[in-house]
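First the structure, in the form of structure tokens, and then the observations on it.
The values are calculated or read from the model by the stated rules, or taken from the named source; none is laboratory data. Treat the numbers as computed from the prediction; the structure is a model and nothing was measured. Cβ placement follows ideal geometry from the backbone for every residue including glycine, while neighbour counts extend to all protein chains displayed.
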Protein chains: 2
Amino acid sequence: MTGPGAKDFTIDSFHRGRFRLVQPSRGHRAGMDAMILAAAVPGSFSGWLADLGAGAGAAGLAVASRCSQARIRLVERSPQMAECARRGLTLPENRELAGRVDVLEADVTLSGRARVEAGLADRSFDFAIMNPPFNAPADRATPDELKRLAHVMEDGLLEGWLRTAAAIVVPRGGLAVIARPALLHALISAIGARFGSAALIPVHPRADAPAIRIVVRAWRGARRALEIHPPLVLHDEAGKLLPQADAIINGRASLFGD
Amino acid sequence: MTGPGAKDFTIDSFHRGRFRLVQPSRGHRAGMDAMILAAAVPGSFSGWLADLGAGAGAAGLAVASRCSQARIRLVERSPQMAECARRGLTLPENRELAGRVDVLEADVTLSGRARVEAGLADRSFDFAIMNPPFNAPADRATPDELKRLAHVMEDGLLEGWLRTAAAIVVPRGGLAVIARPALLHALISAIGARFGSAALIPVHPRADAPAIRIVVRAWRGARRALEIHPPLVLHDEAGKLLPQADAIINGRASLFGD
């Protein structure tokens, strides 16, 4: 690999060692969000799944690790992150997954002909997942900044991501998104208009604390009222990962029980 | 009381006997929804609260029972239900509450001058609660009917209720609504436009079942991102009411912990 030396990258283990990820040492690093998102895909899923804004490929590889019939396309705009993703697929530890995963360097927000020419053809995937990158800088955001971010999303960026997801997914295809609770309204609006029914799972750090993330899953063309599933609670009062959260984060269980 | 005879009414006990409700024997009967809604009001609340679409007054009386500093106006359009509410206030068992509660026979969906003339003046309440009646017929609704109901709400009825709530509440005044999860999107849209920050609590019949109700609370003019609180779970696996749910339904605890 060209560019920065090996010391600028780390190799991190996920799903208790079942796959590894090559990531830049600095900047946003994949973690629980990507693992939780991947767990929103049914375990029996087979077909093509697009990981939109895949970064180094954490969520997509986690789907490949858990869903043995899934084929994954990691879609990433940043050449550096796409290179991390490609390099990850060459690791010997990822040998069993690598044959079902490839990397597409493309901007998720493209539309129309430009999107198709970038490799994102209409109705070419059975499922799309996304962990929009605007989650990361908001981790230390003030309430005002969060509000602003939510508005940015409402003003078009989230809409652009969901437009692409809706375009590339087949009828009855699936979508799963992980985001902050502040985006709930924008997310349900955009998903309601482009998909059909949606199901929501709030993610709480502890049983008594407000949600820090939401996962919304939808099926294109389905027509049912919104469902709110029981929440995912991550830690007990002592800060220990709870069994169900541990199973979900390590690829042993499905978030929606399927 | 004129009209139907005594056998057409029942007197039901709530909050472990701390207040009673006169209700028609037939039709929608108040229960857990009204008690949960009332628990969304902070225990320390003082000032005037409007129970919009109060029916026989279950939620409003439950607030009066738990919040000793609250003064309640039961706003109800149906002459029969308003008469039930008035009759309830004459019961000896309600003597301690009755001095802080009155009944206004008015249509919540009125607007402008008509609303003011009906007795709902601008900025005249500190808090509004509502348990919109369209919950009831949907109890046995099919998914299609639920979808239709949700659209009806989006098309104006819910909007009308929230318009009135926003008009009659002072700046920094509160709002609490209980509704079905299918209404989440319409509710957050309408509340976001007219109030500010909102907090959501899903209500699950059991820990492993989808939510059957949502409670949304907002403060007029506040500016914070949406919060999703831990859910209220009603029953254990054997169908027994859980301690926290029992405390909330019986006026011994607050839904939002305040």
Please tell me if A:Gly156 is outside any strand (DSSP E or B), more than 14 Å from every other protein chain (Cβ to nearest Cβ) and modelled with pLDDT under 90.
yes
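Let's see how each residue does on (1) within 14 Å of another protein chain (Cβ to nearest Cβ); (2) surrounded by fewer than 20 Cβ atoms within 10 Å (Cβ to Cβ):
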{"position": "A:His229", "(1), (2)": "yes, no"}
{"position": "A:Leu234", "(1), (2)": "yes, no"}
{"position": "A:Ala238", "(1), (2)": "no, yes"}
{"position": "A:Leu242", "(1), (2)": "yes, yes"}
{"position": "A:Ala253", "(1), (2)": "yes, yes"}
{"position": "A:Gly257", "(1), (2)": "yes, yes"}
If you go through the range A:235-251 one residue at a time, how many are closer than 25 Å to A:Ala128 by Cβ and either acidic (Asp, Glu) or touching a residue at least 24 places away in the same chain (Cβ under 8 Å) (or both)?
4
When (1) within 11 Å of the chain's Cα centre (by Cα); (2) at pLDDT 95 or above; (3) under 23 Å from A:Asp8 (Cβ atoms) are applied to A:Val22, the one that fails is (1)
Given the structure, is B:Glu93 within 14 Å of chain A (Cβ to nearest Cβ) and either assigned to a helix (DSSP H, G or I) or at pLDDT 95 or above (or both)?
no
The range A:202-223 - residue that is at the interface with chain B (Cβ under 10 Å from one of its Cβ atoms) and part of a strand (DSSP E or B) and, of those, farthest from A:Lys240 (Cα to Cα)
A:Ile214
Any pair with Cβ under 7 angstrom, 6 or more apart, that starts in the range A:35-47 at a residue that is at pLDDT below 95 and ends at one that is buried (at least 24 other Cβ atoms within 10 Å of the Cβ) and not in a loop (DSSP other than H, G, I, E, B)
none
Filter the range A:211-244 for residues that are of a type in the set (Gly, Ala, Ser) and either touching a helix residue (DSSP H, G or I) at 6+ places or on another chain (Cβ under 8 Å) or closer than 26 Å to A:Asp126 by Cα (or both) and give the result.
A:Ala211, A:Ala218, A:Gly221, A:Ala222, A:Ala225
Could you tell me whether any residue of the range A:188-202 is over 15 Å from the mean Cα position of the chain (by Cα) and within 13 Å of A:Pro132 (Cα to Cα)?
no
In the range A:110-134, what count of residues is obtained for those that are in contact with a helix residue (DSSP H, G or I) (Cβ under 8 Å, 6 or more places away or on another chain) and surrounded by fewer than 17 Cβ atoms within 10 Å (Cβ to Cβ)?
5
If you scan the range B:168-199, which residues turn out to be assigned to a helix (DSSP H, G or I) and within 9 Å of chain A (Cβ to nearest Cβ)?
B:Pro181, B:Ala182, B:Leu183, B:Leu184, B:His185, B:Ile188, B:Ser189, B:Gly192
Go through the residues of the range A:48-61 one by one and say whether even a single one is touching a residue at least 12 places away in the same chain (Cβ under 8 Å) and either surrounded by fewer than 17 Cβ atoms within 10 Å (Cβ to Cβ) or hydroxyl-bearing (Ser, Thr, Tyr) (or both).
no
Evaluation of B:Leu200 against (1) free of Cβ contacts under 8 Å to residues at least 40 places away in the same chain; (2) on the phi > 0 side of the Ramachandran plot; (3) surrounded by 21 or more Cβ atoms within 10 Å (Cβ to Cβ) (one fails), failing number
(2)
Condition first: assigned to a strand (DSSP E or B) and in contact with a Leu (Cβ under 7 Å, 6 or more places away or on another chain). Now tell me which residues in the range A:23-61 satisfy that.
A:Asp51
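This table checks each residue for (1) surrounded by 24 or more Cβ atoms within 10 Å (Cβ to Cβ); (2) polar (S, T, N, Q); (3) touching a helix residue (DSSP H, G or I) at 6+ places or on another chain (Cβ under 9 Å).
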{"site": "B:Glu159", "(1), (2), (3)": "no, no, yes"}
{"site": "B:Arg163", "(1), (2), (3)": "no, no, yes"}
{"site": "B:Ala166", "(1), (2), (3)": "no, no, yes"}
{"site": "B:Val170", "(1), (2), (3)": "no, no, no"}
{"site": "B:Gly174", "(1), (2), (3)": "yes, no, no"}
{"site": "B:Ser189", "(1), (2), (3)": "no, yes, yes"}
{"site": "B:Gly196", "(1), (2), (3)": "no, no, no"}
{"site": "B:His204", "(1), (2), (3)": "no, no, no"}
